[in-house]
Amino acid sequence: QVQLVESGGGLVQAGDSLRLSCVASGGTFSGYGMGWFRQAPGKEREFLATFGDNSYTAHYVKGRFTISRDSAKNTVYLQMDSLSPEDTAVYYCAAGKLPPGTWFLTRSRQYDYWGQGTQVTVSS
């Protein structure tokens, strides 16, 4: 059974940094893309960054958020810098099979597995 477990969220002040981790287990993730999304209260789930055959970061967080991975540990990270109260949300990790010829996945419906989420709260 595939499981994704996020960690690293918490309460921080504006300008601080956090690093989220997501550990995948229960399957073989070769050929899978791993991504990060977030959902703030009353808003739709929002794509942030992904790692497939290549990495891609949404323009609205690029320069502040950096995705990385350790394939040997089936772990993907999201380094978040210069956090602001607008970054307050539940952050989710997801995994999805990469179709042939697709370098990365940016839509939530493309992902098959999701973690339970980790809360990030940024105070002003």
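Per residue, the average separation of C-alpha pairs within less than 8 Å and at least 6 apart gives the chain a relative contact order of 36 percent. Label positions at ASP70 and THR28, each projected 7 Å from the Cα along the C-beta direction, are separated by 2.4 nm.
Each Cα pair of region 18-117 feeds into the Kirkwood radius, which the Stokes-Einstein equation turns, at 25 °C and 0.890 mPa s, into a diffusion coefficient of 180 µm²/s. Quotient of the Cα radius of gyration of region 82-124 and 2.2 N^0.38 Å, N being its number of residues: 1.51.
Full extension of the segment from SER17 to VAL5, taken as 0.36 nm per residue of separation minus the current Cα-Cα distance, would add 2.3 nm.
Surface exposure of region 1-96, expressed per residue as accessible area with a 1.4 Å probe, stands at 50 Å². Shape analysis of region 1-64 based on the Cα gyration tensor places the equivalent ellipsoid semi-axes at 23, 16, 13 Å, largest first. Looking at region 37-88, the pairs of alpha carbons with a distance over 17 Å make up 39% of the total.
Comparing PRO41, PRO85, PRO99 in a Gaussian network model of the chain where C-alpha atoms under 10 Å apart are linked, the largest mean-square fluctuation is found at PRO41.
Normalised by the number of residues in region 50-108, the mean separation of alpha-carbon contacts (under 8 Å, six or more apart) gives a relative contact order of 40 percent.
The dipole here belongs to region 1-114: it is taken about the Cα centre, uses +1 on the Cβ of Lys and Arg and -1 on the Cβ of Asp and Glu, and is about 220 debye.
The values are calculated or read from the model by the stated rules, or taken from the named source; none is laboratory data. Since we're looking at a predicted model, the values are computed, not measured. So basically every Cβ, Gly included, is an ideal-geometry build from the backbone, and we count neighbours across all protein chains shown. In case anyone asks, the SASA skips ligands and DNA or RNA and just uses the protein heavy atoms, side chains included. Shrake-Rupley method; radii C 1.70, N 1.55, O 1.52, S 1.80 Å.
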